Every structure is written in structure tokens, then in C-alpha cells.
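I have placed the structure first, in the form of C-alpha cells, so that the comments after it can refer back to it.
The values are calculated or read from the model by the stated rules, or taken from the named source; none is laboratory data. The structure presented is a predicted model; accordingly, all values stated were derived computationally and were not measured. We place every Cβ from the backbone using ideal geometry, glycine too, and count neighbours over all the protein chains shown.
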Amino acid sequence: MKKIKWVVPTFYIIFLMLPIYWLLNMSFKSTTEIINVYSLWPQDFTLDNYKTIFTDSTWYMGYVNSITYTVFNTIISVSAALPAAYAFSRYKFLGDKHLFFWLLTNRMAPPAVFALPFFQFYSSVNLFDTHIAIALSHCLFNIPLAVWILEGFMSSVPKELDETAYVDGYSFPKFFFKIFIPTIAAGIGITMFFCFMFSWVELLLAKTLTATMAKPIAAIMTRTSSTSGYELGLLAAAGSLTILPGAVVIYFVRNYIAKGFAMGRV
Amino acid sequence: MNKTLNQKAWFFVIPVFALVAFNAVVPLMTVVNYSFQETFGSNVFQWEGTRWFKEILHSERFHASLGRQFIFTFIILLIQLPLGIAIALTMPKKGWGVPVCLILMSMPLLIPWNVVGAMWNIFALPDIGFLGNSLNSLGFDYNFTQQSGDAWFTTILMDVWHWTSLVVLLSYAGLNSIQPAYYQAAEIDGAGRWDIFRYIELPKMKKVLTLAILLRFMDSFMIYTEPFVLTGGGPGNATNFLSLDLVKMALGQFDLGPAAAMSLIYFLIVLLMCWVFYSLMMKDEGRT
């Protein structure tokens, strides 16, 4: 029984890794080799594709842009969601339940619905093609998610903690920053992970709201198919590089993921 | 937890409220505005009443893409939930296997969606892709750019690849929160593997599984980028899901009125389904 158990996750992981391997494999081939020779590993190993990306500013600026707005968005979402989640987890107030559901409905709105109005709206307030525009627009789905996850974590902290602190003479801000935030640090970590993740992978809004200055890497990739034929090698290299930031983030939160999932709602 | 009544709590919620309202209310009102009017370009609008809504609700094209969307979402839930639970049950519970599994399984979740589409495109191409080439050399006549059945197969496989890990992570967290005492009690009672799953693990996972269904329903119902890159809705209209069709109408043909009406109907469907899930979930939470 023990031995058989390993089979399912192992096969699943192999299945997950195959397309990623194929992408890496192609990124080390030249485009002519990709089209003409079918092979399971590069016959003529080359780093040219990566060299192009790291030397051409239209390419590497895409990564800078994507990381910039993703970090902006994570900071905005989490810092706005912290007090709100505290309010939802500790107090009753007029319209609290409706407000909570209304927030969630924005996580449910199909981005395709919003693409065109967003373009017009952000153009009219002169934010079109800026990092802050994408960061703000991603708040649409990241803030509800952040409030939701944080509320779950905060509700698992007993209310006695707050009361004891007040009895000990802590003021609210001092209690919040000195005691409460360290207590739910794991939860904040998980929330930041999710905000980073959803902002990093979203493309429809990011692409609609940018032209040249803040264009995300994932949108620049679509360029390879329109100009100079279909540069599969470059496309594969650029794609492989988009996996890296995610992998780095997962590595840092690996110990929190299981614990965080179990404690909070997500 | 018993909460105290405090209207000042609203001040804590104001930043969130302002940010989301800024993003949601103005664009949503723009959509509502368009849905009742006809445009002739250069900001000339004409009131059309409910004409677009009636047209969309009776159009074959909308019925077809809505139907495809429901079938797709249904198949996705049908595959991903049992598969995710099965993998979570067989995952190692302690030791070095845990971080390895968690890291490798989370990988697909953190890849930008159009990269997922592009990756599966070159993975499934019949001549140079591993999947396509292998299937063809095994004797299958596989070509996802030509045959609609193959296109469906590839899209579903891609989504299973992309999102099953989310169900795995959620179920795994749910399983981890079960106290060992439950298992010991089950052992004393002589419960079999199936009984443990049916009467201990499944009820304990109910909360996270509802969340998994909710998230998977929402996201698969809104799927756009991956099929857009993989198949572009084709061949023909075979994988033309709701979002793809909507963007084609709004940005491709610039039929703003019908597209806006379709957006609202689309949004209302998602909202209705999610409200049902949400109230089920909250009802459970109130009880425990």
C-alpha cells in the first residue's frame, strides 16, 4: 500500500513537468532547428535566444514592467485590505455582510467584461500606459481576495488578544502594529503570495491598459508571432523566463503554503 | 466569534471601498450605459432601450457559446475535483517529499496565462510538439488546429494541467487540519479506508472543497487567455467560449451595444451561480 501511494503524485508531477521541459528544451534550440528537427533534447545547444532577451531593451524592460506593477499591486492590495479585514473579523456594522459579498462579486467579474471600459476610463484620467494604472486595475480582483484571506486568518486569532492588550494600556495603532500584525505574519505572507500570483499571471487588463511604456513581458511575447514570422526559439526563452519569478516566490513561501491554507479560508 | 457592533469600523473599510469602487463602479456603469444605446462612432449615441438584450437572448451565437461554456466548465469540475482529491490523499504527509510536491505542483499556477497557452501550443503541435508527435506516432490522427474534437481534448488537458494543483493544495490543507484523534477513533471502530474517507475526510474537507468548486467555477467560466492563445476559438467556432466571443464582438467588430448587453447577461449568470455557492458556504460556517 505504502509503495503504491507514491505512484499518483509522481505521475501527476511528471505530467506537470512535461510541457515545462518542452518549453525549456525549445528555448535552447535555434528557430530553424525547432522547425526542421524533432528531438527530445537540443542537438545544437545555443544560448542565443536568452542573449537576445537580455541585450534588447524592448525585451528585458518587459520583465521590469511586469515586476514593477505586480509589486505595486501587492503593496496596495495588502495595505488596504489589512484594516478592512480587521473590521470584518472583529466588528458588526451597517451593511457589513452586503459589502463583503459586493467585494467578492468583483472577484467574479469576468475581466473580458471590463476590458473596454477600463481602457476608456484610465485614458480619461490620464493614467493610460503607466505601471500604476495596471496596479490599480488589478486591485479589482486582488483586494477582495486579500480581504477574504486575511479575514480568515484574523478570525482564527482569539479576541482575548485584543482585550488583554487594551487592558495593558496599548493604544489601537500600537496594538495593531506591535502585536496584531506579527501574530498574523504567516497570513500576510500567504496573502502577498496570492496577490503576487494573480497580478503576475493576469494579462487581459495589463495588455489593454498599456501601449509601450509599461507593457508587460507576457504581452511583448505576442509580438514574436506577428513580426518576422514565428520566432519559436525566442518565444520559448521568454516564456521560460516568466516561470522564474513565480518559482522564486514559491521557494520563499514553501513552508507557509500548507500551514496557511489550513489556517485561513483559502 | 461574537462581534461587537461598531459603526466606526466603516473607517477601516473606506480605503478598500474607495479602491474597488473606483475600479468597479465607473466601468460597470459605462457597460450599462452602452447596453441601452447604439453608437455610430465619434460619440454619437442613440437610445435603443432593451433591444440589445432581446437580441442577445435570442441569438443563436450566444446560445452556442453559452452552451460550450457550460459544457467546458462542467467537464473541468468533473475531472479536476476527483483528481485533485485523489492526489491530495496520496501525497506524503511529512518529510522531504512535502516541500518538493508543494513547490513542483504550484508551478503551473504561477505561469502567466498566455505563456500557458503558448507552452501548450508548442507542446501539442502535431509536427514539432511532444504531445502531438507522440500521439501521431502511436497511430492517432491528432491535429488540434484542424479537428474540433482534438481542440477540445487539448484545451481540457491544458486546463487540467493548469488548475488541478489548486484543488490539490486546498484539499491537502483540509486534510492536514484533521486531528489524529479522528483516525485513531476510526481504527478502534475498525473502519475501512473507504469509510474513513466517506465519514471523516470528506466532511472535514467540505469547507475547502466548496471554496475549490467556487474558484474553479468562476475561473473556468471566465477563461479567456489560454484558449485564445492555444486555439483562438477554432477550428471554426469549436472552442469559442463566452469570453472569447465577447471580446471578438466588443474589440473585434466594435459592436459596443450588443457586447455590453452580453457582458451584463454574462456577469449576472456568474453572479447568480456564485451567490448560490456563497450562501451554501456561509450557511455551513454559521452552523459550525
Has region A:123-137 got any residue that is surrounded by fewer than 20 Cβ atoms within 10 Å (Cβ to Cβ), outside any helix (DSSP H, G or I) and facing chain B (nearest Cβ under 9 Å)? no
Scan of region B:181-193 for residues that are within 18 Å of B:Met91 (Cα to Cα) and more than 14 Å from every other protein chain (Cβ to nearest Cβ), ordered by number: B:Tyr183
Among the residues in region A:121-143, are any closer than 30 Å to A:Lys29 by Cα, at pLDDT below 90, not assigned by TED's automatic domain parsing to the domain that holds A:Ile35 and not charged (D, E, K, R)? no
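Just to be sure before I move on: is A:Ser66 crowded, with 21+ Cβ neighbours inside 10 Å, at pLDDT 90 or above and more than 22 Å from B:Met119 (Cβ to Cβ) in the structure I sent?
No: the conditions fail for A:Ser66.
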A:Ser156 more than 18 Å from A:Thr210 (Cα to Cα), hydroxyl-bearing (Ser, Thr, Tyr) and without any contact (Cβ under 8 Å) to a residue 60 or more places away in the chain: no
Considering only residues that are more than 13 Å from every other protein chain (Cβ to nearest Cβ) and among the aliphatic types (A, V, I, L, M), look in region A:1-56 and name the one that is surrounded by the fewest Cβ atoms within 10 Å (Cβ to Cβ). A:Leu47
Given the conditions (1) closer than 30 Å to B:Val32 by Cα; (2) assigned to a helix (DSSP H, G or I); (3) touching a helix residue (DSSP H, G or I) at 6+ places or on another chain (Cβ under 8 Å), report the number of the one that A:Phe175 does not fulfil. (1)
Where the second residue is among the β-branched types (Val, Ile, Thr) and the first is within 11 Å of chain A (Cβ to nearest Cβ) and lies in region B:226-254, which pairs have Cβ atoms under 7 Å and are six or more apart or on separate chains? B:Glu226/B:Val116; B:Phe241/B:Ile223; B:Ser243/B:Ile223
Regarding B:Asp219, is this residue among the acidic types (Asp, Glu), surrounded by 14 or more Cβ atoms within 10 Å (Cβ to Cβ) and within 19 Å of A:Asn106 (Cβ to Cβ)? yes
Identify, please: which residue in region B:144-180 is surrounded by fewer than 18 Cβ atoms within 10 Å (Cβ to Cβ) and part of a loop (DSSP other than H, G, I, E, B) and is, among those, farthest from the other protein chains (Cβ to nearest Cβ)? B:Gln147
For A:Lys207, state whether it is surrounded by fewer than 24 Cβ atoms within 10 Å (Cβ to Cβ) and either more than 9 Å from chain B (Cβ to nearest Cβ) or part of a loop (DSSP other than H, G, I, E, B) (or both). no
Within region B:93-151, tally of residues that are under 26 Å from A:Ser27 (Cβ atoms), among the hydroxyl-bearing types (Ser, Thr, Tyr) and more than 21 Å from the chain's Cα centre (by Cα): 4
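Does region B:100-110 contain at least one residue that is closer than 27 Å to B:Gly233 by Cα, small (Gly, Ala, Ser) and within 12 Å of chain A (Cβ to nearest Cβ)?
No, there is no match, as no residue in region B:100-110 is closer than 27 Å to B:Gly233 by Cα, small (Gly, Ala, Ser) and within 12 Å of chain A (Cβ to nearest Cβ).
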Give the residue that is farthest from A:Ala219 (Cα to Cα), with candidates limited to residues of region B:81-99 that are modelled with pLDDT of 85 or more and either at the interface with another protein chain (Cβ under 7 Å from one of its Cβ atoms) or out of contact with any helix residue (DSSP H, G or I) (no Cβ under 8 Å at 6 or more places or on another chain) (or both). B:Thr90
Restricting attention to region B:114-129, does a residue exist that is facing chain A (nearest Cβ under 7 Å), in contact (Cβ under 8 Å) with a residue 40 or more places away in the chain and within 27 Å of B:Phe197 (Cα to Cα)? no
